[in-house]
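Have a look at the structure below, then the notes.
Bear in mind that the values in this text are calculations on the coordinates, not laboratory data. Just so it is clear, the model here is predicted, and its values are computed rather than measured. Cβ placement follows ideal geometry from the backbone for every residue including glycine, while neighbour counts extend to all protein chains displayed.
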DNA sequence: ACCAGGACTTAACACCGTTAGGTTTCGTAC
DNA sequence: GTACGAAACCTAACGGTGTTAAGTCCTGGT
């Protein structure tokens, strides 16, 4: 808070007239970033083949994380302590919902298209699986970037291979 | 540090006679946990089929993370700020190396067995892919446990599905 | 008996998020 | 034109954090 105050050339206390506390400020920043991710997904549009759409979502997700690593950490790698929402918040839709909803919809469409193996019939579970896999690569790369015992390969390439393998693994044919 | 001091009924400063600082203490705790994970992997043994071995490693990894979530966070979800090693440390093998090495060896064997698709010929990359995918699920589940916009499915089941899909996706036949 | 060194403590430092209380600024109503 | 209320902002301080300087105590070896 003091560092921010210095940067904006105000007193630390000034910030508290605009945000309830540090957590509220970070939540707002995180919400902005979530809207940016949702916008990036929206730009993909409703590609008719849901499988292709899933592939594109994966690519866009990796690109976003690599282009905005700090934001990515804030959004997906720090626990946000369950907003107490002291003065009854409008409780408007969580901004994370949009991006996740876009992925879930694509998963739902993919299931409906009948191209997936029969064990994949829960869109929520499928979405969590695909999302998590890519997240793991990005998160580990950030956290264990300079751990000597892992010689990191190019993340973009590994992510592409992972995405391809995962897609092959869930598809009914081939 | 003060909380730890309270628990062990010593003064905070007493800790500094055994550890250079908080980071050194956490590093040591992390190292202990890494040795425990390596031991769990060692217990799997050298199953002859490397594919089966990879599957078992994945299961053991998930089990470890779910049984020791705090330790998992310390090991894989917090950045450890590149040990400055002021007074020349013995630089003995990083304890994380053992567990990761076990996985990498299995990947190497899998590649050598010729059962994998031709694009997978880098053991390091393959290890990072398989490890990351499972890590992502576990990490997101911890961080986004009570975010309202994700209805989390049973992690163990999702992990099993992910593992299976990933294996199918890297295998040459089927 | 001495003393070197380890184990431990007291007191304090600088930093952090946060708050109580006071001051300034400014748009609006009379 | 003045009064007023609210917003914007500041000073000073609180309690908490990791950390350190300096001193005390205890113990084992010569």
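Note on B:163-171: average number of Cβ atoms from other chains within 10 Å of each residue's Cβ is 6.
Is there a simple number for the mean count of other chain Cβ atoms within 10 Å of the Cβ of residues in B:118-130, and what is it? Present the calculation step by step, with values, prior to reporting the outcome.
Numbers: counts 0, 3, 2, 0, 4, 0, 5, 8, 5, 3, 13, 10, 4.
Mean partner shielding for this stretch: 4.
If the segment from residue A:164 to residue A:16 were pulled out straight at 0.36 nm per residue, it would be longer than the present Cα-Cα gap by 48.6 nm.
Please label the shape of the protein assembly as shown as rounded, prolate or oblate, based on the square roots a ≥ b ≥ c of the eigenvalues of the alpha-carbon gyration tensor (a/c under 1.5 means rounded; beyond that, a/b larger than b/c means prolate, else oblate).
On the way: a/c = 2.01, a/b = 1.11, b/c = 1.81.
Since a/c reaches 1.5 but b/c is at least a/b, the shape of the protein assembly as shown is classed as oblate.
The mean number of Cβ atoms from other chains found within 10 Å of a Cβ in peptide B:95-102 is 2, as a whole number.
Treat the count of other C-beta atoms within 10 Å as a stand-in for reagent exposure and order A:158, A:78 from fewest to most.
On the way: A:158 21, A:78 12.
Listed from fewest to most nearby Cβ atoms, that is A:78, A:158.
Separation of segment A:43-67 and segment B:102-164, taken as the distance between their Cα centroids, equals 20 angstrom. Helix B:95-112 and the longest principal axis of the Cα set of chain B meet at an angle near 10°.
For chain B, take the longest principal axis of its alpha carbons; what is the angle in degrees between that and the long axis of helix B:22-44, to the nearest 10 within 0 to 90? Helix B:22-44 sits roughly 30 degrees off the main axis of chain B. With helices as the sole contributors, the protein assembly as shown gives -21500 deg cm²/dmol at 222 nm; each DSSP H run of n ≥ 4 counts as -39500 (n - 2.57), and the sum is divided by every residue. Sorted shortest first, the distances from the residue A:1 label point to those of the same residue in the other copies are 2.3 nm; each point sits 7 Å from Cα along Cα-to-Cβ. Sorted shortest first, the separations between the residue B:28 label point and its copies elsewhere in the assembly read 4.3 nm; each point sits 7 Å from Cα along the Cα-to-Cβ line.
Computed from Cα positions, the angle between helix B:50-67 and the longest principal axis of chain B comes to roughly 30 degrees.
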